[in-house]
């Protein structure tokens, strides 16, 4: 008989500090969990733990080798992993975050060697739980939509629990309504921002900020 273990369910509204410490332990242990963000619910894990990333790929039924958006809590943490090409780029990032805007940036040699890619997308989220957790970790946190590959993101906690409770360690949820819209995704690996996906924040507004930097 197969012993199926079901995920622990934790309401971050009523158990905020406990939820943060639990998520931190799961991250450090290499586990995969679900959590709310400033956009939609995400699968979370340590991006530098190959087994954890492989587990997310399996749960999402997604081909190996694709990179995921990562959350950080500050520019200071971010600069440990990326190469900033100009002061203008740095000023631009400072002007747009925290917000649901994810930015593809070139990795430094150390991070690139570990992640086996030359660039990756990062975001400083406008969300209390995410900011507190990433602040505790002082490391990037994987954030990728909760869904099977090819299907729309799942945004209702009850549906997420029903679908993924046997495949992740813990499901952190909130009674507050999420935005239900993915982040705007831009590429800043070259000199000028390039739009990859438009979300709640409009690309024209981002370009206005870029021109003023």
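Tabulated results
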read-out: Positions within the range 145-159 being touching a helix residue (DSSP H, G or I) at 6+ places or on another chain (Cβ under 9 Å) and either farther than 15 Å from residue 181 by Cβ or part of a helix (DSSP H, G or I) (or both), in sequence order; value: 148, 149
read-out: Strands (runs of 3 or more DSSP E) (entirely within the range 28-82) containing at least 2 residues that are under 25 Å from residue 156 (Cβ atoms) and over 10 Å from the mean Cα position of the chain (by Cα); value: 33-35
read-out: Checking residue 159 against (1) surrounded by 15 or more Cβ atoms within 10 Å (Cβ to Cβ); (2) under 30 Å from residue 15 (Cβ atoms), the condition it does not meet; value: (1)
read-out: Residues of the range 201-213 classified as in contact (Cβ under 8 Å) with a residue 60 or more places away in the chain and outside any helix (DSSP H, G or I), total; value: 2
read-out: Of residues in the range 61-83 being modelled with pLDDT of 95 or more and crowded, with 20+ Cβ neighbours inside 10 Å, the one nearest to residue 190 (Cα to Cα); value: 82
read-out: Leading residue by the ranking (nearest to residue 209 (Cα to Cα)) among those in the range 87-104 that are in contact with a helix residue (DSSP H, G or I) (Cβ under 9 Å, 6 or more places away or on another chain) and in a loop (DSSP other than H, G, I, E, B); value: 97
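For (1) touching a strand residue (DSSP E or B) at 6+ places or on another chain (Cβ under 9 Å); (2) farther than 27 Å from residue 34 by Cβ; (3) in a strand (DSSP E or B); (4) at pLDDT 95 or above, each residue gets a yes or a no:
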{"position": "85", "(1), (2), (3), (4)": "yes, yes, no, no"}
{"position": "106", "(1), (2), (3), (4)": "yes, yes, yes, yes"}
{"position": "121", "(1), (2), (3), (4)": "yes, no, yes, yes"}
{"position": "135", "(1), (2), (3), (4)": "no, no, no, yes"}
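Quick grid of which residues meet (1) exposed (fewer than 15 other Cβ atoms within 10 Å of the Cβ); (2) touching a residue at least 24 places away in the same chain (Cβ under 8 Å):
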{"position": "120", "(1), (2)": "no, yes"}
{"position": "135", "(1), (2)": "yes, yes"}
{"position": "138", "(1), (2)": "yes, yes"}
{"position": "142", "(1), (2)": "no, yes"}
{"position": "165", "(1), (2)": "no, yes"}
{"position": "187", "(1), (2)": "no, yes"}
{"position": "195", "(1), (2)": "yes, no"}
{"position": "199", "(1), (2)": "no, yes"}
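Residues are listed down the side, and each one gets a yes or a no for (1) buried (at least 21 other Cβ atoms within 10 Å of the Cβ); (2) touching a helix residue (DSSP H, G or I) at 6+ places or on another chain (Cβ under 8 Å); (3) over 28 Å from residue 184 (Cα atoms); (4) modelled with pLDDT of 95 or more:
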{"residue": "4", "(1), (2), (3), (4)": "no, no, yes, no"}
{"residue": "7", "(1), (2), (3), (4)": "no, yes, yes, no"}
{"residue": "23", "(1), (2), (3), (4)": "yes, yes, no, yes"}
{"residue": "39", "(1), (2), (3), (4)": "yes, no, no, no"}
{"residue": "42", "(1), (2), (3), (4)": "yes, no, no, yes"}
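The values are calculated or read from the model by the stated rules, or taken from the named source; none is laboratory data. Keep in mind that this is a model prediction, so the values were computed, not measured. Here the Cβ is made from the backbone with ideal geometry for all residues, glycine too, and neighbour counts use every protein chain on show.
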